[in-house]
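Please read the structure below before turning to the comments.
The values are calculated or read from the model by the stated rules, or taken from the named source; none is laboratory data. If you're wondering where the values come from, they're calculated on a predicted model, not measured in any experiment. Cβ atoms come from the backbone with ideal geometry, glycine included; neighbour counts cover every protein chain shown.
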Amino acid sequence: MKIVKPAHFKPLKYEKYTFAVLYGGRSSGKSHEVAEHLILAVANDEADVLCCREKQNSIAHSNWKLVTLKIEQLGLSHLFECTESKGLIKCVNGRQMTFKGLSGQTQESIKSFEDFNYVWVEEAQYMTRENLQILVPTIIRNKNPKIFFTMNPRFEEDAVYAEFIAKNRDDTIKIFINYMNNPFNNKEVYAEAERCKKEDGNDTYSHIWLGEPRGESNAQFIPNGLILSAMNTEATISENEGLPVILSCDNARMGDDSTVISMRQGKLFKILKRIKKNDDDSEIAQLLANYEDEYKANAVFIDAGYGYGLKDFSRQMGRQWRLVQFGGKSSNNNFLNKRAEMYCNMRQWLRDGGALPNDPVLKAQLRSIEIKQNNDNKIALKSKDEMKKEGKPSPDDVDSLVLTFAYNVVNDKIRTNLNQNQNKARTNIGLKHFYGRK
């Protein structure tokens, strides 16, 4: 059966993954898409499917109606036997779909789901961390396991969001969609979205219709509106031509942290490479040097935390890379340390129109940065270690961004012209004094 898919859903069919997270706002079509995808997987003898949600008091609270409607729309009713009283759909090839609630299940009863190699968790924003930690190991032991999450995000601290959206995982695809991506919506949907925006305000509209997490703490350093504005701003290299190119490397070796190499030129920023669990300084140094040559960078800044090895290799290669001490002293007495200074410079850059990639990991990390109190009344931010103790992801991507604001950088061509003009001015002054003498 040939079915035409909107482009944003094609990764479900063509990419390799264990986990798929479809998240966004109302009327985005994500549940319809997953239902259809799983029905075809059963019909093609690929999977036995568990359809579940955190709370399901009866079959009426499940996606039963949606799944059976999709079977009918696909013209596959002759292949399936649907028994609503048992919450069971059987295919003629022996495969099946069943519908369960997770709340109230015991650890042992969840482990009994091990016969299913595909799982669909609907309304995954409500899934508890305990059930997630039991369900995932139970399913991924099977051959060709896949777990699908569909959700309208609630809070970034929710289990599925924190584990699969706010982190970079090689085994996960993330599809962010809202009502504007659904070609099947009618004009009434758009009218209701606009009514919400006008009457209930941007925060409610962004949460319900655009699928942005709710809430902003009083300590949050970068407001949600500023983050969204930057991610909706476009910038190109041609628009920023002539401005200095700055490369950065936030080097990491421990746990789930990533080494992140980034580039900024004027209002343009992009992440060039994320590297997981690589302690080979020579390999990272060579990669950084290649990017330096490719972008003709005017400066390269490295986090001094694990950057001394890179600095040594830079000397061997004849490079002039600069180490940056996040905990070092700021040149401005208003800041507790260099980290706070760089973050404030980055925030001002965002206010001035800086453009960011619309990346869920970067977005979550930006939102997680918080101000903290200190006895000196200086601007201070919670450290990486403090954030990790609170269960927040390490802000590797954001640290790579703020590194580009460590020191002022002047384009080599501009610097050359300035020096020439200064020399010329000194010469003219000297000649004037010389010829002015009697």
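Observations on the structure shown:
- Residue pairs whose Cβ atoms lie under 6 Å apart, sitting 6 or more positions apart in sequence or on different chains, and linking a residue in the stretch 249-263 that is closer than 22 Å to residue 299 by Cβ and part of a loop (DSSP other than H, G, I, E, B) to a partner that is modelled with pLDDT under 90 and among the hydroxyl-bearing types (Ser, Thr, Tyr), are 251/306; 252/258.
- When the residues of the stretch 220-256 are filtered to those that are farther than 18 Å from residue 351 by Cα and hydrophobic (A, V, I, L, M, F, W, C), the one that is modelled with the lowest pLDDT is 254.
- Any hit, the stretch 281-294, residues being in a strand (DSSP E or B), free of Cβ contacts under 8 Å to residues at least 24 places away in the same chain and out of contact with any His (no Cβ under 6 Å at 6 or more places or on another chain): no
- Listed here are the helices (runs of 4 or more DSSP H) enclosed by the stretch 1-88 that have at least 3 residues being surrounded by fewer than 16 Cβ atoms within 10 Å (Cβ to Cβ), touching a residue at least 60 places away in the same chain (Cβ under 8 Å) and of a type in the set (A, V, I, L, M, F, W, C), and there are none.
- Total residues in the stretch 177-203, condition of a type outside the set (D, E, K, R), in contact (Cβ under 8 Å) with a residue 12 or more places away in the chain and surrounded by 13 or more Cβ atoms within 10 Å (Cβ to Cβ): 10
- Test: residue in the stretch 366-383 that is surrounded by 14 or more Cβ atoms within 10 Å (Cβ to Cβ), over 20 Å from residue 247 (Cα atoms), assigned by TED's automatic domain parsing to the domain that holds residue 251 and within 14 Å of the chain's Cα centre (by Cα): yes
- Residue list for the stretch 111-123, restricted to those being touching an Asp or Glu at 6+ places or on another chain (Cβ under 8 Å) and part of a helix (DSSP H, G or I): 115
- Just one of (1) loosely packed, with under 15 Cβ neighbours inside 10 Å; (2) in the same structural domain as residue 374 (by TED's automatic domain parsing); (3) touching a helix residue (DSSP H, G or I) at 6+ places or on another chain (Cβ under 9 Å) fails for residue 216. It is (2).
- Just one of the listed residues (319, 264, 274, 315) is surrounded by fewer than 13 Cβ atoms within 10 Å (Cβ to Cβ) and modelled with pLDDT of 90 or more, namely 315.
- Test: residue 212 is among the charged types (D, E, K, R), more than 30 Å from residue 411 (Cα to Cα) and modelled with pLDDT of 95 or more: no
- Which numbered condition residue 57 fails, given (1) within 31 Å of the chain's Cα centre (by Cα); (2) farther than 24 Å from residue 165 by Cα; (3) of a type in the set (S, T, N, Q): (1)
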